[in-house]
Each structure stands twice: as structure tokens, then as C-alpha cells.
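The values are calculated or read from the model by the stated rules, or taken from the named source; none is laboratory data. Computed from a predicted structure; not experimentally measured. All Cβ positions, even for glycine, are placed from backbone atoms using ideal geometry, and neighbour counts span all protein chains on display. Heavy atoms of the whole protein, side chains included, go into the accessibility calculation; ligands, DNA and RNA do not. Shrake-Rupley method; radii C 1.70, N 1.55, O 1.52, S 1.80 Å.
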Amino acid sequence: MNVADLVGNTLARLGAGHVFGVVGSGNFDVTNALRRHGVPFTAARHEGGAAVMADAYARMSDRLGVLTVHQGCGLTNALTGIGEAAKSRTPLLVLAADTAPASVLSNFAVDQDALARAVGAVPERVHSSASAVTDTVRAFRTAVHERRAVVLNLPLDVQAAPAPRDAPATVAPPPSPAPVRPAAESVASLVELLRTAERPVFVAGRGARGAGPQIAALAAHAGALLATSAVAAGLFEGEEFALGISGGFASPLAAELITDADLVVGWGCALNMWTTRHGRLIAPGTRVVQVDVESAALGAHRPLDLGVLGDAAATARDALAVLRAIRSEPATKLRTPEVGARIAARARWNDVPFEDLAGRASSTEERVDPRSLTIELDRILPRERVVSVDSGNFMGYPSAYLSVPDEYGFCFTQAFQSVGLGLGTAIGASYARPERLPVLGTGDGGFLMAISELETAVRLRIALVVVVYNDAAYGAEVHHFAPRVPGSEDAPDLGTVIFPDTDFAALARGYGARGVTVRRVEDLAAVTEWLEGDRTAPLVVDAKVASDGGSWWLMEAFGH
């Protein structure tokens, strides 16, 4: 056994969930060691795609995602995906081969520690044969317990060294730290704010994904409405008084009720510009509370009336116990039959009336309204789904119109706001939730950036539905820079962000996938046909969408 095999064996025993990567000479041995010791491996076509697959797998499975890359260029190819994971605080371990210290003239030699730090990841290193197990356990612990992206550099000379004779045969995972209990004084202050508020609203983020039942129980007793940030979509699915997503994707009714709140409590939620629409969803005079396990997160994005340092579930449980001691009966407040009826009728975007764009599309060819398209997809796709979303002008449609069964049904890799991460996200999520249909919403630009991974999905026979919202442009830039007055003399040149139309159905067939073109809602009958078939190859839906003139969420994002 050499050190590469020892590292693979150690990670397998620690509980690594799934490995994604592109194998070169530098990471060949450690990757095969992981496979030999029982950790599943998925070969991607590009390290960037592999990084996002590992990130999505970790988000949707609550197990450690592992990425394996070659030294130098293998790591640089993966940096955008690693940066996304770092900004999202995803537990991700990157096994990065590294040049030996003596190989100063190697073409692969780069400062890999500095690259990791540059995108917010934690650099670690296997320093020697003697320290290999300790170094690996430390990297694992940092990734899992601190929710960090960790780059574990594996110098080639150390990998090839013999494992020490006294290397432990078994390695136990480091014990998980106990949940942070909030101080009694903080709980008392929170309860007092809940007791005196007339219109409380809870907004839960990804940090509260394991605390849905506890937060919902407290909301029911306090008379509060429930909402989530985008990354926690689905957390309160099925709750009568849930508003859906807060922020740019919020429906008009959800935005109205959140803005009207006199108390907003963020649970594991940053309450950043996206979740609050640049602060406009929190009216002047509204009291704001934030609950988080990290003191640095409290008040990072906006002033607070109260910051509670504590685990979301533990804080909600403690607050509910104190509130029940004060008042045994639940408060009504916003939880009235009238508000419940309004939420049932209008909280979902699918129930908001609109004028279909298809009838007034400027193109001579038929183009489908992206809202009509997505509403019909929501109806015909199986309820048990995991929805992934790329970045672009289109992204609000799958995010707002495709419902998901719970918080493990929506994978939103948008912390870095990079176009092109969607396909890798969908593949990684499919491994985390194999019992569900993976669905990807992507733009034409993002899909072309990542299309090499369509071969990965075909090769692995992943039953994946890819919906390409195809407007033959980088739509966000088109609408952002479009002149406010059509035909004005100072109109910018948009030729850099508009392209000839691409036949994605034909491209899909070339990769071995099923491809269909959709210009009318009726064309989605091909999706139903695929669903009723054997689903042995991915389905790519080339949806020729009508221009929305700049989506509502984009207007909010840019402050228009």
C-alpha cells in the first residue's frame, strides 16, 4: 500500500459519499483507491462539470461530495465549481494531485494553496507518509463539520511513498459537534418579539434545511407566515401558511405579505439583497431577527434588532417551549381563514393570471411563452422530482413555476452566479436522489457551455429532462442593456450577446439523447411520450421561447 491508497482507504472509512472527476496521471492511483474501497466514482468530461456534480451531490444528499483532479490544469479547470461550493458553504473535498516540491520547472507547477484561497476554499495538504491519515482526517473534518470546500493537495512524491507499517487498519469518523444551543436570554428576547408582533413572517434559508418541522411548529404557535430563500425552496411544502420563495422569485402576494410584516425572522438565512429584493421586502420600522450558528453571519447584510447565535432547530424548539409556557393556545395573527384562502389562491406563480406572449411574438416563427411552457411542465412531470437551475434571464421560470416535494427537490447553484453550471448540477443531484426524476432548467448559453456533460448523462443512462429556454442570446445582458426607449439613437450594440438559433434537439440526438423541439405548449406531448417510455436516455427539450422583455426577477435584481 502506498500513500495514495492509504488516502483513498481512509476517506472510504470516514464515509465519503461519491467521487466525481476527470482522471489524469496525477490522480489515477488515489481515484482507483477510492473505487477499490467502495466509494462510487463518476467520470465527467470536464473538471468544471465534475466539481459542480460533487457540489450538487453534497447539497442534495447531506453526504460528503468528493472531487478528484489532476495537478495544475486539472485544478484550474475546476475552480469555478469549487468557488461556487465555497461560497455556498457546501461540504466538498477536492483531492488535487500536486507537483513534487522539487519539480520547480514542471509545466503543471502552480501555487495550488493560493488558488484554493482565491476562491474561498480551505487549502490542506498530505505532508508525508507518516502524517497521511491525520492530514486526511483533518481535511474531512473541516469539510463536514465546518461546511467548507477543502482542497487536499497530494504531492506526487508523497502519493508514491510506501504507507507506514503502523497505519491504522480502521479510521472512525470524527464525532460531530453538538448543535449550538442559544442563550436563554436570546430565546427570551426572541419570544418577546414574537409575542408582541402582529404580523410575523419567518424566512428560512439553507442553514435551516434540517429544522423545517421545528420552525413550522413555532410559526404555528406564534401566528407567523412561512417563506424560504431560493436555496431552501420546498422546505415548507404542504404547509397551509407557506408563501414560497422570498426575494426576486416571490409572487406578488408573497411579496405583499412579507413587506407588510412587522417582524421578520431569518432562520439560517443571510437576508441578503436577493432574499429581500435589495431590502425592499423589509419595510421601514419592521423589526428583524436573525438566527445562525456563526456570529459572523449575524447582521452581515443588514442591521438587526436581535441576533441569536444558535442552531435553527434548537432555537425554534426552545422558543416554542417558552412561548407555550406563556400562552398555551396558538396565536392567530396572520393565520386567519381569509389569509389562508388568499395564499391557496394566489401564492403560487402558477395561479397568477398573465397575457400569453406567444400571440404577439415578433418572430415569424412560433415561440412559446416561458410561463405557459413551465406551467404545463409542472403539470405533466412527476411530482417526485429534483429540479436544478442554471443561471440566466430564464431562471425564474423553473424556480418559481416548477414545484418540488421538499427541500431536497431543488438544487440552486447560484452563489457565484456563473452561467454553465446547470448540467453538472442536475447530474450530481440525480446521484443524490436516484428515486426522483432529475429536471434541469437552462438557457441556450449555459447549456452550450456545459454540453460535453450531456455525453456523461447519456453514457450513464441518466433519465434526465433538460429544458433549454432557447432565446438565441444571453438574455440577461440583452434585456439589461436594451435601450429604455426603443429605437433611441444611443441604443447599445447587442451583437456580442445575440447568436443564430441553435437546434438543440439535433445536438441532443448527436450525443445519443432524445431531442424534441417545442414551439407550442401542445408540442410537450413528446415529453409525456418520453415519460411513458423506458427513459434509457436523457430528453432535451429545445424550447423556442418568446422574449419576455426582461423577466420580473431580472428587473428586481438590477433594481429597475
*Right, residue 441: more than 23 Å from residue 248 (Cα to Cα) and touching a helix residue (DSSP H, G or I) at 6+ places or on another chain (Cβ under 8 Å) or not?*
no
*Could you identify the single residue in 90, 31, 10, 76 that is closer than 17 Å to residue 148 by Cα and either at pLDDT below 95 or not aliphatic (A, V, I, L, M) (or both)?*
90
*Check whether at least one residue in segment 364-382 is modelled with pLDDT of 95 or more, in a loop (DSSP other than H, G, I, E, B) and over 13 Å from the mean Cα position of the chain (by Cα), and report yes or no.*
yes
*If the Cβ limit is 6 Å and pairs must be 6+ apart or interchain, which residue in segment 136-154 that is β-branched (Val, Ile, Thr) pairs with which residue that is in a helix (DSSP H, G or I)?*
136/7; 136/10; 150/139; 150/142; 150/143; 151/116
_Residues within segment 455-493 that are open to solvent by less than 40 Å² (accessible area, probe 1.4 Å), at pLDDT 75 or above and more than 19 Å from residue 545 (Cα to Cα), tallied_ = 6
*asked:* Being over 13 Å from the mean Cα position of the chain (by Cα), of a type outside the set (Phe, Trp, Tyr) and at negative phi is the requirement here; does residue 421 meet it?
replied: no
*Counting only residues that are under 21 Å from residue 471 (Cα atoms), assigned to a loop (DSSP other than H, G, I, E, B) and among the polar types (S, T, N, Q), how many does segment 383-413 have?*
1
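Kindly provide the set of residues from segment 305-332 that are open to solvent by 70 Å² or more (accessible area, probe 1.4 Å) and assigned to a helix (DSSP H, G or I), ordered by number.
To start, the set of residues in segment 305-332 that are open to solvent by 70 Å² or more (accessible area, probe 1.4 Å) comprises 305, 309, 317, 324-326, 328-330, 332.
Matches in segment 305-332: 317, 324, 325, 326.
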*From the residues in segment 536-547 that are over 25 Å from the mean Cα position of the chain (by Cα) and open to solvent by 20 Å² or more (accessible area, probe 1.4 Å), which one is modelled with the highest pLDDT?*
536
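For (1) out of contact with any helix residue (DSSP H, G or I) (no Cβ under 6 Å at 6 or more places or on another chain); (2) open to solvent by 60 Å² or more (accessible area, probe 1.4 Å); (3) of a type outside the set (Phe, Trp, Tyr), each residue gets a yes or a no:
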{"site": "116", "(1), (2), (3)": "yes, no, yes"}
{"site": "120", "(1), (2), (3)": "no, no, yes"}
{"site": "124", "(1), (2), (3)": "no, no, yes"}
{"site": "136", "(1), (2), (3)": "no, no, yes"}
{"site": "157", "(1), (2), (3)": "yes, yes, yes"}
{"site": "178", "(1), (2), (3)": "yes, yes, yes"}
{"site": "189", "(1), (2), (3)": "yes, no, yes"}
_Any hit, segment 402-425, residues being polar (S, T, N, Q), within 20 Å of residue 17 (Cβ to Cβ), out of contact with any Cys (no Cβ under 9 Å at 6 or more places or on another chain) and open to solvent by 10 Å² or more (accessible area, probe 1.4 Å)_ = no
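In segment 159-176, how many residues are open to solvent by 50 Å² or more (accessible area, probe 1.4 Å) and in contact with a strand residue (DSSP E or B) (Cβ under 7 Å, 6 or more places away or on another chain)? Please lay out each step first, then the result.
Quick first cut of segment 159-176, residues open to solvent by 50 Å² or more (accessible area, probe 1.4 Å) only: 160, 162, 165-166, 168-170, 172-173, 175-176.
Retained after the next criterion (residues that are in contact with a strand residue (DSSP E or B) (Cβ under 7 Å, 6 or more places away or on another chain)): 160, 162.
The qualifying residues number 2.
Quickly run through segment 333-355 and pick out the residues that are part of a loop (DSSP other than H, G, I, E, B) and either open to solvent by less than 80 Å² (accessible area, probe 1.4 Å) or in contact with a Ser or Thr (Cβ under 8 Å, 6 or more places away or on another chain) (or both). Break it down stepwise before answering.
Going residue by residue through segment 333-355, those that are part of a loop (DSSP other than H, G, I, E, B) are 333-336, 347-348, 352-355.
333, 334, 335, 336, 347, 348, 352, 354, listed by residue number.
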